[in-house]
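Heads up: the structure comes next, in structure tokens.
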Amino acid sequence: MKCPLCKDKELLPARSREDRKEADALKCVYCAAMFQMDETNHLRRMIPPGCVAPAMTHTAALVGAGLKTSHKPAKPAAPKSVKRKIDDHDKSEIFKRLVMGEKCVSIAAAVGCKPKAVNNYKFTHKAAIAAAQKALKNPGTKVDEKAGSPKKVVHSKAGKLRKQVGENTDAASYTFQERLAIIAEVRSGGADRLNIVSEKYGLTRGQLRGYLARESYYRQVAVSGEKTVKSARQHRAFVLHQVRNLDKVPVTKIRAILIDYLKLLREDLTPAQQAVQSVEAEISRVDAAIKELDTRASDVVKTFKEHCNV
């Protein structure tokens with residue numbers, strides 16, 4: 001229902017007095033005028049104490065004189081459908097009203113959408129709204145609605161590393177292949193290599209240590225792809241959660257969960273077996289070197305005795 005004073009502004013339910021538990025009047029969010037429906041289903045403005053009452057409508061005057069009217073009670077208007085999303089042509093109006101400090105509930109009522117949609121828009125563009133509110137105090141500043149919108153990080157092509165010394169680069173801008181190359185460069189040097197590489201690629205020491213800690217994850221992503229690795233991790237977390245709460249799982253699903261858990265254990269055992277094999281190979285190589293050294297040492301002692309005639 002439109003406000004008779006503002007013409008195109010919506011009236012919202014309100015309480016005429018503070019002691020009322022339910023809304024018994026209609027209030028305009030712009031002019032703050034309150035209205036009530038009279039006996040003839042006409043809007044009648046509520047006048048605060050001490051103010052002059054407005055002129056009575058023609059229909060209300062007839063009813064007050066005891067005369068009958070042919071006016072039929074109007075049917076209640078069907079509730080309008082409320083949109084869950086904000087239309088593109090309404091975004092600029094919502095942005096301006098948020099900058100002016102208007103509440104999300106009143107904006108949603110005026111636009112015809114849910115307050116949650118306006119709240120989400122306000123949270124997404126909070127930086128731009130704050131900048132616009134600051135610009136109101138400084139008239140020379142330009143206001144951009146898209147200034148606070150989230151920006152998508154675009155990764156550079158694999159293999160094209162940034163080699164300018166002292167370049168200020170975001171850590172998230174490097175692809176996984178580039179991060180593996182940076183890790184290999186860090187491991188190829190000495191103790192001071194961390195500082196050199198951090199200055200070379202514009203990263204901090206903490207970011208480089210994070211790269212080193214997630215080296216295995218980067219290798220998995222480089223081989224299988226990021227989506228495959230993420231889905232595998234989610235599946236692993238789900239299976240481990242089901243195993244920890246096995247008493248709450250239906251009996252018909254326990255066997256499938258145990259089979260998945262057995263597969264995870266075998267996947268964990270594979271790198272451990274490879275590590276054991278590499279250690280065993282190193283042990284056999286050291287044993288062979290020791291035996292060869294012992295054999296050569298005995299020959300050297302024998303030759304020394306023969307020449308010295310001891």
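The values are calculated or read from the model by the stated rules, or taken from the named source; none is laboratory data. If you're wondering where the values come from, they're calculated on a predicted model, not measured in any experiment. Methodologically, a virtual Cβ is constructed for each residue, glycine included, from the backbone with ideal geometry; neighbour enumeration extends over all protein chains shown.
Miscellaneous remarks
- Those helices (runs of 4 or more DSSP H) of the range 174-232 in which 2 or more residues are closer than 30 Å to residue 264 by Cβ occupy 176-187, 205-213, 215-224.
- Check on residue 269, closer than 27 Å to residue 235 by Cα, more than 35 Å from the chain's Cα centre (by Cα), surrounded by 10 or more Cβ atoms within 10 Å (Cβ to Cβ) and modelled with pLDDT of 85 or more: yes
- When the range 197-213 is filtered for residues that are under 22 Å from the mean Cα position of the chain (by Cα) and farther than 12 Å from residue 182 by Cβ, nothing remains.
- Filter result for residue 198 (polar (S, T, N, Q), within 30 Å of residue 174 (Cβ to Cβ) and touching a Lys or Arg at 6+ places or on another chain (Cβ under 6 Å)): yes
- So residue 235, is it touching an Asp or Glu at 6+ places or on another chain (Cβ under 9 Å), more than 24 Å from residue 177 (Cα to Cα) and not polar (S, T, N, Q): yes
- Filter result for residue 131 (surrounded by 15 or more Cβ atoms within 10 Å (Cβ to Cβ), under 19 Å from residue 25 (Cβ atoms) and modelled with pLDDT of 85 or more): no
For (1) more than 30 Å from residue 37 (Cβ to Cβ); (2) out of contact with any helix residue (DSSP H, G or I) (no Cβ under 6 Å at 6 or more places or on another chain); (3) at pLDDT 85 or above; (4) surrounded by 14 or more Cβ atoms within 10 Å (Cβ to Cβ), each residue gets a yes or a no:
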position: 66; (1), (2), (3), (4): no, yes, no, no
position: 82; (1), (2), (3), (4): no, yes, no, no
position: 100; (1), (2), (3), (4): yes, yes, yes, no
position: 109; (1), (2), (3), (4): no, yes, yes, yes
position: 123; (1), (2), (3), (4): yes, yes, yes, no
position: 145; (1), (2), (3), (4): yes, no, no, yes
position: 148; (1), (2), (3), (4): yes, no, no, yes
position: 151; (1), (2), (3), (4): yes, yes, no, no
